[in-house]
1. In region 249-288, how many residues are more than 27 Å from residue 127 (Cα to Cα) and touching a residue at least 60 places away in the same chain (Cβ under 8 Å)?
2. If I go through region 42-71 residue by residue, how many of them are within 12 Å of residue 109 (Cβ to Cβ) and assigned to a strand (DSSP E or B)?
3. Output the residues belonging to region 68-86 that are within 26 Å of residue 253 (Cα to Cα) and in contact with a strand residue (DSSP E or B) (Cβ under 7 Å, 6 or more places away or on another chain).
4. Going residue by residue through region 10-31, is there one that turns out to be in a helix (DSSP H, G or I), modelled with pLDDT under 55 and in contact with a strand residue (DSSP E or B) (Cβ under 8 Å, 6 or more places away or on another chain)?
5. Which count do you get for residues in region 222-246 that are in contact with a helix residue (DSSP H, G or I) (Cβ under 8 Å, 6 or more places away or on another chain) and more than 13 Å from residue 276 (Cα to Cα)?
6. For region 245-258, check the following and say yes or no: at least one residue is at pLDDT below 95 and part of a helix (DSSP H, G or I).
7. Would you confirm, using the coordinates I've provided, whether residue 163 is part of a helix (DSSP H, G or I), at pLDDT 95 or above and under 25 Å from residue 58 (Cβ atoms)?
8. Which number in (1) over 18 Å from the mean Cα position of the chain (by Cα); (2) buried (at least 24 other Cβ atoms within 10 Å of the Cβ) marks the one condition that residue 107 misses?
């Protein structure tokens, strides 16, 4: 178990202390990306009662040119820290731990929003957006790596309990990981070890910024579910390297063009991915994917599919879902 999981424990590990609210984009930040009253109200409502052990705050942009959408939360400059402190404080007072997911949209960014041409590992069509980015240079890669570290520092200074690096759903780091969008012939392209080189650099920058005792999570798109895309075998190799680099928890998702995958149904539909990752790492693994019933979450834990269960859309629809789930058991 990682040091993040230990504070969540209350005696034996049960569903009551293994529930995670994964990042769900609210588009409730103010136009500049700062914390707004609407965001404070939203997370106050979702964290009320402390029934969720961990809340992963929605993906937040690390650079203006990496912004994914209107009213997205920002961790891109020090001016946002004071507002983030208010958000961290509300979640803490409600009895939950909190993590902020930090992200760069890469070729999934929209020029009308960012005012710049999107960048990606290669000048190939982004399957999610249909647009062709400009291939990012080595110097720009170094700048993005630095920006991830700076963003993580802000998250820590704001008083959150950890930070999550986003490498899923067709965003920047996922674009490097996936052969669908990474056609580079330099040290950042080719085999899986080259395709995760930037991830390892980001992890190192984040670790340097937050210190050794601050938990780092990484959300991994563990399969593109597309021909020629990332496979679970790639992700097992990547997860092992991420653990060695200092990642505390792996948060499993899938699908290059979003987490809703045609043909994947049932509660915990990413369980084959999380189970495969659990076999090769010793750090905790989070499973999300269509889980709407407490009994299903308990079963997935009992079967060893994951260490923590992420409940997203069910909590989005019903803020008292976690309370009802815990009380039902």
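The values are calculated or read from the model by the stated rules, or taken from the named source; none is laboratory data. Only a predicted model underlies this, so the values are computations on that prediction, with no experimental measurement involved. Positions of Cβ are generated from backbone atoms using ideal geometry, with glycine treated the same way; all protein chains shown enter the neighbour counts.
1. 3
2. Total meeting the criteria: 1.
3. Just the residues of region 68-86 that are within 26 Å of residue 253 (Cα to Cα), to begin with: 68-76, 84.
Of everything in region 68-86, those that are within 26 Å of residue 253 (Cα to Cα) and in contact with a strand residue (DSSP E or B) (Cβ under 7 Å, 6 or more places away or on another chain) turn out to be 68, 72, 73, 74, 75, 76.
4. Initial filter on region 10-31 (in a helix (DSSP H, G or I)): 15-17.
When the remaining residues are screened for being modelled with pLDDT under 55, the result is none.
Within region 10-31, none of the residues are in a helix (DSSP H, G or I), modelled with pLDDT under 55 and in contact with a strand residue (DSSP E or B) (Cβ under 8 Å, 6 or more places away or on another chain).
5. Kept after step one, since they are in contact with a helix residue (DSSP H, G or I) (Cβ under 8 Å, 6 or more places away or on another chain), are these residues of region 222-246: 222-223, 230, 232, 234-239, 241-242, 245-246.
Now restrict to residues that are more than 13 Å from residue 276 (Cα to Cα): 230, 241-242, 245-246.
Qualifying residue count for the region: 5.
6. Looking through region 245-258, none of the residues is at pLDDT below 95 and part of a helix (DSSP H, G or I).
7. Working: part of a helix (DSSP H, G or I): no; at pLDDT 95 or above: yes; under 25 Å from residue 58 (Cβ atoms): yes.
So residue 163 fails the test.
8. (1)
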